[in-house]
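For reference, the structure discussed in these notes is given below.
Bear in mind that the values in this text are calculations on the coordinates, not laboratory data. Everything quoted here is computed from the prediction, not taken from an experiment. With ideal geometry, Cβ positions are generated from the backbone for all residues, glycine too; neighbour counts draw on all protein chains shown.
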Amino acid sequence: MKGTKSMKFNFDNERPIYIQLVEQLRISILTSTFGIGEKIPSVRDLAMLAKVNPNTMQKALAELEEERLIYTERTNGKFVTKDVKLIKKVRDNLAKDKANEFFSSMKKIGMDETETIDYLRQLINK
């Protein structure tokens, strides 16, 4: 599987592991580490790679399945959705959340949106 070679899981102690797994696997789908329609490794293989309990990995995959980013074919395993519009929508929503977090952080240090955008432009032009 092409995605597993470049996958590295990193966890912090601040939040539940399965939530971090969901986030990291979601990013792997959004960045095409796991390509559209690609079969993903088994729960057991992913759990070994992430060094987590298979039940924890199963819980994370169940959440991604609920989001429709992956689906199960009874005898063939789990696959990344082929719904390109859904992947784009999830990516756009994630980008929006990250941008809102960033602007909120900048506001906390005294920069309004205009100042923040000007500052970003200066950084880009350096």
Residue-wise HN-Hα coupling along the range 37-53, computed from phi with Karplus coefficients 6.51, -1.76, 1.60 (Hz; x: Gly, Pro): x, 6, 6, 9, x, 5, 3, 4, 5, 5, 4, 5, 4, 7, 6, 10, 5
Shape of the range 62-126, Cα gyration tensor, a/c cut at 1.5: prolate
Label corresponding to semi-axes √(5λ) of the Cα gyration tensor in Å when calculated from the structure given, among (i) 29, 19, 11; (ii) 33, 17, 13; (iii) 21, 17, 15: (ii)
Given K39/K85; K51/K85; K39/K82; K8/K51, the pairs whose alpha carbons are separated by over 22 Å: K51/K85
Average Cα contact separation per residue, the chain, under 8 Å, 6 or more apart, as relative contact order %: 22
5 angstrom amide H check on D83, placed H, neighbours 5+ away: none
Summed side-chain charge close to P54 - residues other than P54 whose Cβ falls under 14 Å, Lys, Arg +1, Asp, Glu -1: +3
Residues of the range 45-73 with amide N under 14 Å of the 7 Å Cα→Cβ point at F11: 46-61
Extension gain (nm, one decimal) between I19 and L123, 0.36 nm per residue minus Cα-Cα: 34.2 nm
Approximate spin-label separation R68-K89, in nm, with each point projected 7 Å along Cα-to-Cβ: 0.5
Residue of F102, F34, F79 that the Gaussian network model of the chain assigns the largest fluctuation, springs spanning Cα pairs under 10 Å: F102
